[in-house]
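Worksheet: the structure to be examined is printed underneath.
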Amino acid sequence: MTSKEKIVKNKSLQTNGSGKIAKKSNFSSSNLSSLKKNEHLNLFRKMYLIRQFENACGQNYANGNIRGFLHLYSGQEATGVGAISSLKDSDYIVTHYRDHGHALARGLDVNRSMAELFGKKTGLSKGKGGSMHLFDASKKFMGGHAIVGGQLPLAAGLALSQQYENKNAITTCFFGDGSTNQGIYHETLNLASVWNLPILFFLENNKYGMGSSIERVRAGGLDFFPAMDTYEIPSMEVDGMDVIAVKEATKIAREKIIQNKKPFFIESKTFRFVGHSYADGQKYRHQDEVKQWEQKDPILVYPKKLIDMKISTNDEINKIKIEIDEIISDAVRFANESEEPNLDEIYDDILAE
Amino acid sequence: MPEITIREALKTALNEAMENDEKVFIMGEDIGEYGGAYAVTDGFLKKFGSQRIKDTPISEQAFVGAGIGAAAGGLRPVIELMSISFSLVAFDQIVNMAGNLRYMSGGQISVPMVIRAPTGAGVQLAATHSQSFETWLAEVPGIKVVCPSNSYDALGLMRSAIKDNNPVIFAEPALLYGSKSNVPDEYFEVTLGEANVSHKGEDITIVSYGYGSKVLTDSVNKLNEIGISPELIDLRSLNPIDYEKIILSIQKTNRLVLVDTARKTGGIMSEISANINEKAGEWLDGPIVRVGSKDVPWPYNKTLEQEVLTDSDNILDSIKENYGI
């Protein structure tokens, strides 16, 4: 018996439902047909918006309009879009510093997001946060956070506030595989479990914490979800390149959290097509690996599937692309033309009244 | 006007807040079943229930972070750390998260939260439980830091701290929980950021806070005996610092002594010294004198610990030496 089989067997012995692993969700025609055409096109629209936003960010980093660290989400769109499409407006979202994708998937203003990256007064955080700190509290989007793993207890606290006030809502916390070796990851899983917090732990496993492959830095293999048994948190693995699979998995997870009043854990296997940050030469991984994952590029695979299944047409897909390209060039123009913050704003927003 | 201990004052303020505002809850290690390491929340679990009096795992980073999240979500958590030395374990959450959240979100988020923590040496708890990191935390913009030296301030400051819409570090001198002083029956608050001239005098302005203010009170008679009339200022707040009151006092005395029971180097008094030099140096007739505890890890042995800790003799000796009295 392999160790993996052992884990699975142990799980099947659990009777309290705590460590049960749902089956891996797969891209199949059955769940494709569970959505309306318009929903499919909206998922594509969001993913393509993110990809083009990131492409524009790259260009504007190269020409100096964006500075500091810039971490692009290209490749992981199916994960962010799929997950957030299954959340409600009343749910909180907390994420890591690769946050553009989640922000746009949540519907944060594209112009103000781009303006924030340009450091402008019209930015979501008035130019004080930058790429790693996108916030829109009115949409319960509680930030991009840049200390690896540091956002986890913040999310637990937001979930605590929902539990305390008997809200019928959850908090979703996105984090990467890099954060799983931080003590705070384990502390937060434990706290959320013993307090039965309504939180969805959403691991975006893109296999690399900056330049370190998880194979080099993690004891316990490449799968994270089996370890959730230790914390008595039910978990699920999902193909993170498959937007429908992620959407369905998140829908199930949200229902379980509300119904069982317990946390849930999703591990989404995904991949970033670009470097860790813009200035990354990617010496730590082979281009063959990147090419292999590019075969699963959701921006290409998903619309092709929609066309093959006669859910949509080439013309409709192209029309969406043209619309989005225009939105992105408008956003870049808006950011460019926006004013710099005033110097006297340096002392604003430190303390609340 | 009843005489109560600092412990009772804190308990009164917490009890009031819990009764008056359902968004207030308390969490920390062993604050419920056990009643709190310093018994401040003794009896609270029975009265308010486990939903609002939350015992936490020994996970300072996680429950401080969760407090920040709960505050960002609209609640008003009061978090107890068993020692301010343990704030180091949660430093990322306190400094990076609580201190920066409002600024990096462009003012969208506020963190109305109090972190209570016993501070200071003198009870033989050795190197890792005797430090005074309120002095480090006072450097962080976006966080307020207060520390009472008597029951009146403990009650008044805690009332204000819980109502404040920002993270407030509430350092409680470990040596003073049982110290008694008068508190009026009528409701009052102490505004965060206002120092208190606790003793009027003419010759030297002496500034301190927390346990240091208690040491200063003990020095008054000794100073009077050698013909010095000291004016004592109790800071009460380390961030912000009430420079106006200090400057007003040195305009009268023209001398400034800064007393800290934390380690001397790199503490809050170094900062005050530099600032007063810049803002009001022309009013001084002699050097600014700093008195602080010795720059060593805190020893366990009682005689050694007392030797390291600032006392009234250290203050007297420094004044005599520096002002040639």
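Across the stretch A:131-150, the number of residues qualifying as among the small types (G, A, S), closer than 14 Å to B:R102 by Cα and either assigned to a loop (DSSP other than H, G, I, E, B) or facing chain B (nearest Cβ under 7 Å) (or both) comes to 2.
Tally the residues that are touching a strand residue (DSSP E or B) at 6+ places or on another chain (Cβ under 9 Å) and free of Cβ contacts under 8 Å to residues at least 60 places away in the same chain, restricting the search to the stretch A:283-299. First the steps, then the outcome.
To start, the set of residues in the stretch A:283-299 that are touching a strand residue (DSSP E or B) at 6+ places or on another chain (Cβ under 9 Å) comprises A:284-285, A:296.
If we keep only those that are free of Cβ contacts under 8 Å to residues at least 60 places away in the same chain too, we end up with A:296.
Total satisfying the criteria: 1.
The stretch A:235-339 holds helices (runs of 4 or more DSSP H) entirely within its bounds, and those carrying 1 or more residues that are closer than 30 Å to A:A169 by Cβ and touching a Gly at 6+ places or on another chain (Cβ under 6 Å) map to A:243-260. Of the residues making up the stretch B:49-94, just one is more than 8 Å from chain A (Cβ to nearest Cβ) and at positive phi, namely B:G49. The listed residues are B:V190, B:V197, B:V220, and the only one of them that is in a helix (DSSP H, G or I) and not polar (S, T, N, Q) turns out to be B:V220.
Return the total of residues in the stretch B:74-96 being touching a Leu at 6+ places or on another chain (Cβ under 9 Å), hydrophobic (A, V, I, L, M, F, W, C) and part of a strand (DSSP E or B). Going through the stretch B:74-96 one residue at a time, the tally reaches 1. Within the stretch A:73-122, being part of a loop (DSSP other than H, G, I, E, B), in contact (Cβ under 8 Å) with a residue 60 or more places away in the chain and of a type in the set (G, A, S) holds for A:S74, A:G75, A:S86, A:S90, A:G119.
Of the set (1) at pLDDT 95 or above; (2) outside any strand (DSSP E or B), all apply to B:V257 but (2).
The listed residues are A:G68, A:G75, A:G101, A:G123, and the only one of them that is at positive phi, buried (at least 22 other Cβ atoms within 10 Å of the Cβ) and not aromatic (F, W, Y) turns out to be A:G75. List every residue pair whose Cβ atoms lie under 8 Å apart, where the two residues are 6 or more positions apart in sequence or sit on different chains, the first residue falls within the stretch B:98-111 and is at the interface with chain A (Cβ under 7 Å from one of its Cβ atoms), and the second residue, located anywhere, is assigned to a helix (DSSP H, G or I) and crowded, with 24+ Cβ neighbours inside 10 Å. What qualifies is B:Q108/B:R102; B:I109/B:A72; B:I109/B:L101; B:I109/B:R102; B:S110/B:A71; B:S110/B:A72; B:S110/B:R102. Scanning the stretch A:204-216 for residues that are away from every other protein chain (no Cβ under 14 Å), without any contact (Cβ under 8 Å) to a residue 24 or more places away in the chain and not aliphatic (A, V, I, L, M) turns up at least one hit.
Of the residues B:E3, B:E33, the single one that is surrounded by fewer than 22 Cβ atoms within 10 Å (Cβ to Cβ) and within 22 Å of the chain's Cα centre (by Cα) is B:E3.
The values are calculated or read from the model by the stated rules, or taken from the named source; none is laboratory data. These numbers were taken from a predicted model, which means no experiment stands behind them. Methodologically, a virtual Cβ is constructed for each residue, glycine included, from the backbone with ideal geometry; neighbour enumeration extends over all protein chains shown.
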